[in-house]
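The values are calculated or read from the model by the stated rules, or taken from the named source; none is laboratory data. Note that the structure is predicted; figures quoted are calculated from it, not measured. When we count neighbours, we look across all protein chains shown, and the Cβ atoms used for this are built from the backbone with ideal geometry, even at glycine.
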Amino acid sequence: MKSTVEQLSPTRVRINVEVPFEELKPDFDRAYKALAKQVRIPGFRPGKAPAKLLEARLGRGAILEQVVNDALPGRYSEAVTTSEVKVIGQPDIEITKIEDGQELAFTAEVDVRPEITLPDYESITVTVDSVTIGDEDIEEQLQSLRQRFGTLTGVERAVQEGDFVSIDLSATVDGEEVPEAATTGLSHEVGSGQLIEGLDEALTGLSAGESKDFTSTLVAGEHAGKDAVITVTVQTVKERELPEADDEFAQLASEFDTLDELKADLRDRVERVKKVQQAGEIRDKVLETLLEQVEVPLPDAVVQAEIDAVTHDAVHGFDHDEAKFAESLEAQGSTREEFDSDTKEAAEKSVRTQLLLDAIAEAEGTQVGQEELTERILFQAQRYGLSPEQFIQQVQQAGQLGAVFADVRRGKALAGVVGRVTVTDSEGNAVDTTEMFGGPEDPADEDTAAETAAASAE
């Protein structure tokens with residue numbers, strides 16, 4: 001077999017392949033063997049009919065077509081391996097010549113990873129916010145802890161922000177009841193903003209047994225995107241009583257004996273969280289700087305595939321009803337044109353980022369160990385509330401295990417770059433990145449920061 005490569009653009013090539021017919025003999029043998037089991041010819045047991053009789057029965061053309069279709073994937077893969085092109089996406093294959101007994105020729109146009117010139121990482125400088133911890137940060141954490149140990153007590157007064165209420169809800173659109181929007185005995189913290197827009201304002205000032213109508217936009221169901229008249233009825237009102245912040249509370253809520261010891265621990269926790277946030281800012285700013293400095297040609301087909309996937313998922317939530325999707329966008333103050341523009345911009349940045357980090361990983365020889373892959377799987381499973389086995393099963397069924405591996409490799413490659421750039425905070429102090437990202441020879445996995453944040457919040 002002979003193959004040549006034509007560079008059509010920085011991100012696309014045409015592979016020309018010529019296969020002599022003698023190299024197709026194994027393919028013909030497999031085809032005859034498979035057809036002999038399928039075609040019944042009098043006088044011969046299944047699978048034993050000779051090739052000449054099969055050709056006479058089916059025609060040489062039909063057999064040739066099957067041989068060619070079966071042979072193309074393997075010959076294409078062999079051509080890709082031989083030419084050492086880094087393909088991404090699926091090829092467009094066209095058969096250009098079939099001379100029976102002589103030659104098979106075809107072309108394959110496919111997107112490839114572009115050649116990317118990487119900068120000198122040591123020349124990159126980024127500035128991030130300083131890590132500052134004030135008394136208000138400690139008090140906020142202490143208040144949150146007190147709320148966890150608070151008790152709810154019924155009150156005979158009007159609803160105030162911070163109260164916990166039990167409510168009934170119903171809704172009408174153009175005077176017609178919306179059954180899926182009705183509920184009873186729903187618990188809600190006033191001021192949390194977690195339910196319907198305008199609900200907290202309507203509740204404030206009501207007492208148990210009182211109702212109020214307000215207008216809000218439905219965000220789901222058959223009437224998504226439409227204005228509805230919502231009726232809320234208060235059943236009960238409770239306020240949260242907080243324990244006193246003293247040594248007794250410190251002993252109740254922690255392993256510490258005094259409030260001062262508890263506050264010192266809360267300060268350490270706040271510092272860890274803020275350092276994690278700073279690490280995330282460092283990573284993001286280094287990546288943004290790289291994207292600004294490095295030219296990354298974009299494969300149109302890969303970008304379009306990402307656009308199509310995002311659009312499909314968005315419209316799928318509305319049973320692929322474009323009109324309902326447009327109504328939902330309008331309710332959010334947007335349009336389909338703005339959605340398409342934003343989706344394209346995000347897809348281009350996503351593909352550019354992946355190609356850049358893949359180029360860095362290849363240039364740096366970034367390797368991913370089984371332990372690192374396992375850590376990512378465990379972390380992702382926890383994020384989605386799944387067991388590791390369930391997460392792996394879903395990823396495998398979706399054919400995304402390779403994508404998980406690629407994400408780990410990209411994160412590790414970026415962490416290696418972060419360890420080599422100059423980072424200063426807003427006060428002009430040098431920031432040591434080795435704690436979160438490791439040194440150039442031992443970059444930390446990109447999930448380290450995320451995992452630390454999760455641990456600090458627990």
How many residues are under 24 Å from GLN304 (Cα atoms) and among the hydrophobic types (A, V, I, L, M, F, W, C) when one looks only at region 55-95? 5
Residues of region 123-138 classified as more than 30 Å from ILE88 (Cβ to Cβ), within 35 Å of the chain's Cα centre (by Cα), not hydrophobic (A, V, I, L, M, F, W, C) and not in a loop (DSSP other than H, G, I, E, B), total: 4
Could you give me the residue pairs with C-beta distances under 6 Å whose first residue belongs to region 270-297 and is part of a loop (DSSP other than H, G, I, E, B), whose second residue is among the hydroxyl-bearing types (Ser, Thr, Tyr) wherever it lies, and which are 6+ apart or on separate chains? PRO297/THR11
Of those in region 419-435 that are of a type in the set (Asp, Glu) and within 16 Å of LYS285 (Cα to Cα), the residue surrounded by the fewest Cβ atoms within 10 Å (Cβ to Cβ) is ASP432
Anything in region 196-220 that is crowded, with 16+ Cβ neighbours inside 10 Å and of a type outside the set (Val, Ile, Thr)? List them, or say none. LEU199, ASP200, ALA202, LEU203, LEU206, ALA208, LYS212, PHE214, SER216, LEU218
Checking the conditions here, which among GLU261, GLU288, GLU271 is more than 38 Å from the chain's Cα centre (by Cα), surrounded by fewer than 17 Cβ atoms within 10 Å (Cβ to Cβ) and in the same structural domain as GLN354 (by TED's automatic domain parsing)? GLU261
Out of curiosity, is PHE149 loosely packed, with under 13 Cβ neighbours inside 10 Å, among the aromatic types (Phe, Trp, Tyr) and farther than 26 Å from LYS324 by Cα? yes
Return the residues of region 420-432 that are more than 16 Å from SER123 (Cβ to Cβ) and either touching a Cys at 6+ places or on another chain (Cβ under 7 Å) or among the β-branched types (Val, Ile, Thr) (or both); say none if nothing qualifies. VAL431
If you go through region 391-401 one residue at a time, do you hit one that is over 30 Å from VAL112 (Cα atoms) and surrounded by 16 or more Cβ atoms within 10 Å (Cβ to Cβ)? yes
Identify all residues within region 323-378 that are basic (Lys, Arg) and either surrounded by fewer than 17 Cβ atoms within 10 Å (Cβ to Cβ) or over 27 Å from GLN396 (Cβ atoms) (or both); write none if there are none. LYS324, ARG336, LYS344, LYS349, ARG352
Answer yes or no as to whether ARG376 is modelled with pLDDT of 95 or more, in contact with a helix residue (DSSP H, G or I) (Cβ under 7 Å, 6 or more places away or on another chain) and of a type outside the set (Asp, Glu). no
Boolean, ILE116 is touching a strand residue (DSSP E or B) at 6+ places or on another chain (Cβ under 6 Å), under 21 Å from VAL294 (Cα atoms) and among the aliphatic types (A, V, I, L, M): no
Scan region 302-320 residue by residue and report those that are charged (D, E, K, R) and surrounded by 12 or more Cβ atoms within 10 Å (Cβ to Cβ). GLU306, ASP308
Report, by residue number, each residue of region 153-165 that is in a strand (DSSP E or B) and surrounded by 13 or more Cβ atoms within 10 Å (Cβ to Cβ). PHE164, VAL165
Looking across region 99-145 at residues that are closer than 30 Å to LEU72 by Cα and aliphatic (A, V, I, L, M), the single one that is surrounded by the most Cβ atoms within 10 Å (Cβ to Cβ) is LEU104
